[in-house]
Protein chains: 2
Amino acid sequence: MLNEKMLQLGENRSVIREIFEYGNKRRAEIGAENVFDFSLGNPSIPAPHKVNEAMIKLLSETDPVKLHGYTSAQGAPDVRKTIADSITHRFGIGADANLIYMTCGAAASLTISLNAICNQGDEVIALAPFFPEYRVFVEKAGAKLVVAKCRESDFQIDFGALENAITPNTKAIIVNSPNNPTGVVFSKDTIEELASLLNKKQQEYGKRIFIICDEPYRELAYGVDVPYIPNFYDNTLVCYSYSKSLSLPGERIGYIFVSPNIDNCNKVYAAVCGAGRALGFVCAPSLLQFTVKDCVELTSDISVYKKNRDLLYNNLTEYGYTAAKPDGAFYLFIKSPEADANAFCERAKKYELLLVPSDSFGYEGYVRISYCVSTEQIEKSLPYFKELIEEYK
Amino acid sequence: MLNEKMLQLGENRSVIREIFEYGNKRRAEIGAENVFDFSLGNPSIPAPHKVNEAMIKLLSETDPVKLHGYTSAQGAPDVRKTIADSITHRFGIGADANLIYMTCGAAASLTISLNAICNQGDEVIALAPFFPEYRVFVEKAGAKLVVAKCRESDFQIDFGALENAITPNTKAIIVNSPNNPTGVVFSKDTIEELASLLNKKQQEYGKRIFIICDEPYRELAYGVDVPYIPNFYDNTLVCYSYSKSLSLPGERIGYIFVSPNIDNCNKVYAAVCGAGRALGFVCAPSLLQFTVKDCVELTSDISVYKKNRDLLYNNLTEYGYTAAKPDGAFYLFIKSPEADANAFCERAKKYELLLVPSDSFGYEGYVRISYCVSTEQIEKSLPYFKELIEEYK
């Protein structure tokens, strides 16, 4: 009688959520300071002071009817112009306010983009390992998720696997760099080769293939450049969120940028507007729109994440763990020392180490460690990571 | 290549939006004070001071990592508990935090509810006249919108028409009281008869029929009771929004309340959680969640709307207009003095009166007047309304 698919999605908690609940149980039993929970991707550093200051200033000085009123569905024009100017200034592509659509965060950016472009029977490619909700979002948009695994040596794109995954039904490929769960940043070489392959396939099939860039971690990169894909490939939609860059994940604010290099980009933008409307978004939260306008090129102090990354990566590799090169985001993806990553995660629980097995990311034999935690937690956990790997020696 | 339906929705501006744009043009030409724009349903009274104060207090005193962090997908537990307690206290039904799902406003409440319960081939009934986006939301959920017209004498439900509209495929009926666009509040008699008819039909077909109450205007009622439908009918989902009651339409905050009287209500709630997830909502904006917790039984000063209602209704009926009895919301629904309401609206433009013809609400021969405007605008417009009707005498 209900929608069975939605019921299943509501009843089946994600693996990450299960681990988090287990963590809550252990925290109650032995004290939070003795549980080393690396399961959640919730930013651990506060929003910059300037963000709260901007919000308080808006609340104190702006006419509340305007501040809290509906903006246009695509977002307040001055907010969109500020973001478009920032994109132009940072990445050199001529962005325009009329190609920016404000959203309730990255998930909304993705569902709106997918619903705008997909029809029943379309295929959307995800590069494994990938954020598990991609499957949920793609299927709800009526399309089929097709998986192409990244190469294990460096978790860059495996172009053989990707080429095999592309068919005449391919509508889009989702690219997430810096990546959840690996922390890998796709190199300029990778993006150039991706653009070249997709251009070849577009020509071969005489149809358009979109790249959907899922970019919530763009600002979280440690000493490497993150190539801006619209500069490499025309048919690109950028799905951005301020959740991680400004530590505002609960506030739900982000945007979609439709590349001006798409043929008839205004039609794609119109479809984005239509999808936002049909999914019930109305407009992105108005106070947050005006806040990100005032904080457009600001980021949280990500030096803590870099410190955590260095501490974990350097020590864990020294202990004997193998990990993908973690240049961004706040995840470390380590190879399970036994074939079954679930068994390894169970064993880690003995040391109160809560890790996420990689199966739910569409890739077996690894675990994800989220290092958006206190540096102290990492320092205290290191001896246990060491004991854990020594069990396998 | 795009999703044609989404493209159409994005390209076809609503009638209301067209009128608003025409108003902008006229405002630029002759000055805003000379244009009597009654087209938009945007609250004209500010949010209560206490709302901004609560927000500033939260921003000043709460740990930003907690304040701006993800809440659970269904909303922060303490927020849901406060709302559930308020429902119990105000309406006497035993609400529970685990049956409240926080949303990004009324549109999200509706799309999430519809996607949770509908399957392909289901029918959802709207009572005309109705908010035009119902069609968009119902069709995007894979269901078919079936229209049952209200009776013209008082715009209460026409039970003959409704009974004809119910089939074995009926999954739900959307009830919006106080109503947009009529301002009518469905009486206790109406709701009792509705419950009785639906119970009969449930028994006849051996299946469940939901009422989806769309209640953004609940608090905007002028001296009449608005029956709380879960007290009359078991299979009810309440879709609430704080947009109008707290004048926060741009902030996108509301909730779904799944009645505890639904058999297996936890399953319905799970499907709601699943639909919210699949549509990309993640959680409702966290600052706004905590704000409505602190302002749970507060409303904006709606005395201005009542004053506007009295001024317009009393004068317009005295001039010879016929109107539905406007007991709530901020709309007056007047009969067009000529059969073609569009022609009447064109004629009204001569007097710079911007009114919305009723066709897009699924009901012909009427116009909607939104009186969420300044009282001064109404006072200045009255002589023109008088001149306008006199053209027909």
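The values are calculated or read from the model by the stated rules, or taken from the named source; none is laboratory data. The structure displayed is predicted, hence computed values, not measured ones. Backbone-built Cβ (ideal geometry, glycine too); neighbour counts: all protein chains shown.
You will find that of B:Tyr366, B:Tyr351, the residue that is buried (at least 23 other Cβ atoms within 10 Å of the Cβ), in the same structural domain as B:Asn24 (by TED's automatic domain parsing), over 28 Å from B:Pro46 (Cα atoms) and touching a residue at least 40 places away in the same chain (Cβ under 8 Å) is B:Tyr366 and no other.
Scanning segment A:265-287 finds no residues that are surrounded by fewer than 24 Cβ atoms within 10 Å (Cβ to Cβ), touching a strand residue (DSSP E or B) at 6+ places or on another chain (Cβ under 8 Å) and aliphatic (A, V, I, L, M). Right, B:Tyr305: without any contact (Cβ under 8 Å) to a residue 60 or more places away in the chain and not in a loop (DSSP other than H, G, I, E, B) or not? Here the answer is no, as B:Tyr305 does not meet what is asked. Take B:Gly23 and decide whether it is small (Gly, Ala, Ser), in the same structural domain as B:Lys306 (by TED's automatic domain parsing) and loosely packed, with under 15 Cβ neighbours inside 10 Å. In short, no. Please go through segment B:21-43 and give me each residue that is of a type in the set (Phe, Trp, Tyr) and either in contact with a strand residue (DSSP E or B) (Cβ under 6 Å, 6 or more places away or on another chain) or without any contact (Cβ under 8 Å) to a residue 24 or more places away in the chain (or both), ordered by number. B:Phe36, B:Phe38, listed by residue number. With a requirement of 2 or more residues that are within 12 Å of chain B (Cβ to nearest Cβ) and under 21 Å from A:Gly10 (Cα atoms), the helices (runs of 4 or more DSSP H) lying completely within segment A:97-175 that satisfy it span A:105-117, A:133-140. Among residues of segment A:1-18 being aliphatic (A, V, I, L, M) and modelled with pLDDT of 90 or more, the one that is surrounded by the most Cβ atoms within 10 Å (Cβ to Cβ) is A:Met6. On the given criteria, is A:Ile30 farther than 20 Å from A:Pro216 by Cα and out of contact with any Leu (no Cβ under 9 Å at 6 or more places or on another chain)? Yes, satisfied. Residues that are at the interface with chain A (Cβ under 9 Å from one of its Cβ atoms) and in a helix (DSSP H, G or I) were ranked within segment B:1-16; the one that is farthest from A:Gln120 (Cα to Cα) is B:Glu11.
When A:Ile369 is tested against (1) under 22 Å from A:Arg151 (Cβ atoms); (2) assigned to a loop (DSSP other than H, G, I, E, B), exactly one condition is not met: (2).
Can we say A:Lys201 is within 20 Å of A:Ile112 (Cβ to Cβ) and charged (D, E, K, R)?
Considered against the rule, which asks whether it is within 20 Å of A:Ile112 (Cβ to Cβ) and charged (D, E, K, R), A:Lys201 comes out as no.
Look at (1) assigned by TED's automatic domain parsing to the domain that holds A:Ile211; (2) more than 18 Å from the chain's Cα centre (by Cα); (3) surrounded by 22 or more Cβ atoms within 10 Å (Cβ to Cβ); (4) among the hydrophobic types (A, V, I, L, M, F, W, C) and you find that A:Met55 fails only one, number (1). Evaluated against (1) farther than 30 Å from B:Leu220 by Cβ; (2) more than 10 Å from chain A (Cβ to nearest Cβ); (3) touching a Leu at 6+ places or on another chain (Cβ under 9 Å), B:Phe36 falls short on exactly one condition, (1). If you go through segment B:347-362 and keep only what is more than 17 Å from the chain's Cα centre (by Cα) and among the hydroxyl-bearing types (Ser, Thr, Tyr), you end up with just B:Tyr351.
Does segment A:48-60 contain at least one residue that is among the hydrophobic types (A, V, I, L, M, F, W, C), touching a residue at least 24 places away in the same chain (Cβ under 8 Å) and outside any helix (DSSP H, G or I)? Checked segment A:48-60: no residue is among the hydrophobic types (A, V, I, L, M, F, W, C), touching a residue at least 24 places away in the same chain (Cβ under 8 Å) and outside any helix (DSSP H, G or I). Tell me whether segment A:58-66 contains one or more residues that are facing chain B (nearest Cβ under 7 Å), among the hydrophobic types (A, V, I, L, M, F, W, C) and over 22 Å from the mean Cα position of the chain (by Cα). Yes: segment A:58-66 contains one or more residues that are facing chain B (nearest Cβ under 7 Å), among the hydrophobic types (A, V, I, L, M, F, W, C) and over 22 Å from the mean Cα position of the chain (by Cα). Annotation: B:Ile45 fulfils all but one of (1) closer than 30 Å to B:Phe290 by Cα; (2) in a helix (DSSP H, G or I); the unmet one is (2).
In segment A:1-26, how many residues are of a type in the set (A, V, I, L, M, F, W, C) and closer than 13 Å to A:Val356 by Cβ? Step through it out loud before you land on a result.
Residues of segment A:1-26 that are of a type in the set (A, V, I, L, M, F, W, C), as a first pass: A:1-2, A:6-7, A:9, A:15-16, A:19-20.
With closer than 13 Å to A:Val356 by Cβ added as a condition, the list becomes A:15-16, A:19-20.
Total satisfying the criteria: 4.
Within the bounds of segment B:375-389, is there any residue that is touching a residue at least 24 places away in the same chain (Cβ under 8 Å), part of a loop (DSSP other than H, G, I, E, B) and under 23 Å from the mean Cα position of the chain (by Cα)?
No: segment B:375-389 contains no residue that is touching a residue at least 24 places away in the same chain (Cβ under 8 Å), part of a loop (DSSP other than H, G, I, E, B) and under 23 Å from the mean Cα position of the chain (by Cα).
Flag set for B:Val292, criterion: assigned to a helix (DSSP H, G or I) and buried (at least 24 other Cβ atoms within 10 Å of the Cβ). Within segment A:107-120, not a single residue is at pLDDT below 95, surrounded by fewer than 16 Cβ atoms within 10 Å (Cβ to Cβ) and either within 30 Å of A:Leu354 (Cα to Cα) or not aliphatic (A, V, I, L, M) (or both). With A:Ser86, A:Ser60 as the choices, which residue is surrounded by fewer than 14 Cβ atoms within 10 Å (Cβ to Cβ) and modelled with pLDDT of 95 or more? Only one candidate passes the filter, namely A:Ser60.
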